[in-house]
Amino acid sequence: MARIDEVADGIYRISTLETETEFQFNQFLIDDERPALVHTGMFPMYEDVRGAVAEVLDPASLAYVVCPHFEADECGGMGRFVAEAPEAVLACGEVGALLNLTQWDYAGPVQGFRDGEVVDLGEHKLRFLETPHVHHWDSMMVFEETTSSLFPADLYIQPGDQPPVVRENLGEVMCGFYKEVGIFAAEEPVRRVVNRIEKLDPHWVHPMHGGSLPRDVIPDYTRALKDEAFAFDGKVFGRTIPG
Ligand SMILES: [Fe+2]
Ligand SMILES: [Fe+2]
């Protein structure tokens, strides 16, 4: 069952814990004149996530469904969310639109954004950041300017059952987890983005796994990403692949 909590002004974290793996899947709802849902969760989670959205607003009023990269936990529910909301557009990076979302079994509206483009939701403004190879070619993130909130998808995550807001330094745990599951091919493209995030100095980071991080703890995670090894080291989901 999904739980929903307001973590920043008008920004709701919808979170589901997968009990076998003790891993959380989050979506973020931005309540505004033109509401946005940032990632949808996997296809089977749709009813639960939709129910949580409906606690705040009518799911048919969604204007944007943001897909940071093409993967089931980021966009598995996209078709049904967009089908229910007549004004909704699937918003992704231009590379994602080109490679995946206009040439796939998805017939709904899609808009690909370039770095720096801004979508006006009303009170909130979503700026798109192209972040290739974090951890997919089509990767992008969104930055909400009014609350200074970054939605980094799979960066800044924490494994385990985490509260809506995390103040603990789990930076090393995060890097160890990344290495074990083999999510990033290399450190360099990630650190390029981490340096950018450091300059951006967001007040909030809202990862899609774990809790949201307030400004004072973000540097602990940034430091770990700059100093610790976390790239693929022969293992995928803890399983060693023959070299
Ligand atoms: Fe991902
Ligand atoms: Fe993810």
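Taken as a whole, segment 213-226 holds no residue that is within 23 Å of Leu99 (Cβ to Cβ) and either assigned to a strand (DSSP E or B) or within 16 Å of ligand 2 (Cβ to nearest atom) (or both).
Within segment 144-178, being more than 16 Å from ligand 1 (Cβ to nearest atom) and outside any loop (DSSP other than H, G, I, E, B) holds for Glu144, Ser149, Val165, Gly171, Glu172, Val173, Cys175, Gly176. Among the candidates Gly93, Gly79, the residue that is within 16 Å of ligand 2 (Cβ to nearest atom) and without any contact (Cβ under 8 Å) to a residue 60 or more places away in the chain is uniquely Gly93. Would you be able to say whether some residue in segment 119-133 is acidic (Asp, Glu), under 20 Å from Gln27 (Cβ atoms) and surrounded by fewer than 16 Cβ atoms within 10 Å (Cβ to Cβ)? Yes.
Scanning segment 103-126 for residues that are within 13 Å of Arg34 (Cβ to Cβ), among the hydrophobic types (A, V, I, L, M, F, W, C) and assigned to a loop (DSSP other than H, G, I, E, B) yields a single hit, Leu121. Checking Pro189, Pro207 one by one, the residue that is closer than 30 Å to Gly234 by Cα, in a loop (DSSP other than H, G, I, E, B) and not aliphatic (A, V, I, L, M) is Pro207 and no other. Restricting to segment 12-33, and then to whatever is within 17 Å of Ala54 (Cβ to Cβ) and among the aliphatic types (A, V, I, L, M), can you tell me which residue is surrounded by the most Cβ atoms within 10 Å (Cβ to Cβ)? Checking each candidate, the answer is Ile30.
Of the candidates Gly210, Gly160, the single residue that is within 21 Å of Phe25 (Cβ to Cβ) and more than 16 Å from the chain's Cα centre (by Cα) is Gly160. Could you go through segment 158-172 and let me know if any residue there is touching a Leu at 6+ places or on another chain (Cβ under 8 Å), free of Cβ contacts under 8 Å to residues at least 60 places away in the same chain, surrounded by 15 or more Cβ atoms within 10 Å (Cβ to Cβ) and not β-branched (Val, Ile, Thr). Taking every residue of segment 158-172 in turn, at least one turns out to be touching a Leu at 6+ places or on another chain (Cβ under 8 Å), free of Cβ contacts under 8 Å to residues at least 60 places away in the same chain, surrounded by 15 or more Cβ atoms within 10 Å (Cβ to Cβ) and not β-branched (Val, Ile, Thr). Being farther than 29 Å from Arg223 by Cβ, out of contact with any Gly (no Cβ under 9 Å at 6 or more places or on another chain), of a type in the set (Val, Ile, Thr) and modelled with pLDDT of 95 or more: is that true of Val118 here? Yes; evaluated as a whole, the condition is true for this residue.
Considering the conditions (1) more than 16 Å from ligand 1 (Cβ to nearest atom); (2) more than 23 Å from Val53 (Cβ to Cβ); (3) in a helix (DSSP H, G or I), Asn100 is excluded by exactly one of them, (1). Per the listing Phe151, Phe177, Phe237, the residue uniquely within 16 Å of ligand 2 (Cβ to nearest atom), closer than 25 Å to Gln27 by Cβ and free of Cβ contacts under 8 Å to residues at least 40 places away in the same chain is Phe177.
Taking the criterion of being part of a loop (DSSP other than H, G, I, E, B) and within 15 Å of ligand 1 (Cβ to nearest atom), the residues of segment 40-82 that qualify are Thr40, Gly41, Met42, Cys67, Pro68, His69, Phe70, Glu71, Gly76, Gly77. Given the criteria surrounded by fewer than 20 Cβ atoms within 10 Å (Cβ to Cβ) and under 20 Å from Asp138 (Cα atoms), does Leu99 qualify? Spelling it out, Leu99 is indeed surrounded by fewer than 20 Cβ atoms within 10 Å (Cβ to Cβ) and under 20 Å from Asp138 (Cα atoms).
Any residue that is closer than 27 Å to Gly182 by Cα, in contact (Cβ under 8 Å) with a residue 40 or more places away in the chain and away from ligand 2 (no atom under 16 Å from the Cβ) - is there at least one of those in segment 110-129? Yes: segment 110-129 contains one or more residues that are closer than 27 Å to Gly182 by Cα, in contact (Cβ under 8 Å) with a residue 40 or more places away in the chain and away from ligand 2 (no atom under 16 Å from the Cβ). Tallying residues that are of a type in the set (Phe, Trp, Tyr) and within 16 Å of ligand 2 (Cβ to nearest atom) within segment 47-76 yields 1.
The values are calculated or read from the model by the stated rules, or taken from the named source; none is laboratory data. All values derive from a computational prediction rather than experimental measurement. When we count neighbours, we look across all protein chains shown, and the Cβ atoms used for this are built from the backbone with ideal geometry, even at glycine.
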